[in-house]
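A.B. asks: Dropping a structure here in structure tokens format, bear with me for questions.
The values are calculated or read from the model by the stated rules, or taken from the named source; none is laboratory data. In this text, all values refer to a predicted model and were calculated from it rather than measured experimentally. For neighbour counting, all protein chains shown are included, and Cβ atoms are generated from backbone atoms with ideal geometry for every residue, glycine included. Ligands, DNA and RNA are stripped out before the accessible areas are found, and what is left, the full protein with its side chains, is counted by its heavy atoms. Shrake-Rupley method; radii C 1.70, N 1.55, O 1.52, S 1.80 Å.
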Amino acid sequence: MTVLYTAEATATGAGRDGHTRSSDGVLDLDLAVPKELGGPGGAATNPEQLFAAGYAACFHSALQLVARRAKVDITGSQVTAQVGIGPNGNGGYGLSVGLVVDLPGVPGERAQELAAAADEVCPYSNAVRGNVEIDLRVA
């Protein structure tokens with residue numbers, strides 16, 4: 001693979017209760033363990049929210065690309081990513097991902113086809129395929 005861009009971020013402090021900053025300083029965030037995992041939650045983000053935001057944006061771009069290629073208007077579309085974390089049964093933790101694709105005005109079967117095509121194009125989907133449970137749904 002020829003790398004076209006590399007993002008870089010550094011985590012400091014207490015990991016999930018620490019801080020993260022991108023090398024260019026655009027991302028500069030405190031982190032907090034969510035209440036559901038025994039932390040304070042609320043005032044800071046967490047790795048799962050950051051992953052969900054990145055996945056949603058990336059999948060939406062892939063969806064726009066496949067729709068353009070298919071000459072389908074997806075004006076008003078949106079993608080919501082839901083990232084879950086829990087024990088994997090082997091002493092560690094794993095993730096699950098739910099992707100909800102909303103394509104107003106696109107008939108159900110065609111919307112499903114576009115979502116499936118985007119799943120094949122999206123780098124996040126390609127990175128986690130076979131390793132993370134993904135529930136892809138069209139709203």
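A.B. asks: Taking segment 35-57 only, how many residues are closer than 20 Å to Asp135 by Cβ and open to solvent by less than 30 Å² (accessible area, probe 1.4 Å)?
C.D. replies: 5
A.B. asks: While we're looking at this one, here's another question. Taking interchain pairs and intrachain pairs at least six residues apart, which have beta carbon atoms under 7 angstrom, with the first residue in segment 22-37 and more than 22 Å from Leu95 (Cα to Cα) and the second open to solvent by 80 Å² or more (accessible area, probe 1.4 Å)?
C.D. replies: Ser22/Glu8; Ser23/Glu8; Leu27/Arg21; Asp28/Arg21
A.B. asks: Conditions: (1) of a type outside the set (Lys, Arg); (2) open to solvent by 30 Å² or more (accessible area, probe 1.4 Å); (3) more than 12 Å from the chain's Cα centre (by Cα). Ile134 meets all but one. Number of the miss?
C.D. replies: (3)
A.B. asks: Just wondering, is there one or more residues in segment 63-81 that are farther than 29 Å from Glu120 by Cβ, modelled with pLDDT of 95 or more, open to solvent by 70 Å² or more (accessible area, probe 1.4 Å) and of a type in the set (D, E, K, R)?
C.D. replies: Taking segment 63-81 first, the residues farther than 29 Å from Glu120 by Cβ are none.
No, every residue in segment 63-81 fails to be farther than 29 Å from Glu120 by Cβ, modelled with pLDDT of 95 or more, open to solvent by 70 Å² or more (accessible area, probe 1.4 Å) and of a type in the set (D, E, K, R).
A.B. asks: Still on this structure, I have one more. Out of Ala139, Ala62, I need the residue that is within 27 Å of Ala7 (Cβ to Cβ) and of a type outside the set (Phe, Trp, Tyr). Which one?
C.D. replies: Result: Ala62 is the single residue among Ala139, Ala62 that is within 27 Å of Ala7 (Cβ to Cβ) and of a type outside the set (Phe, Trp, Tyr).
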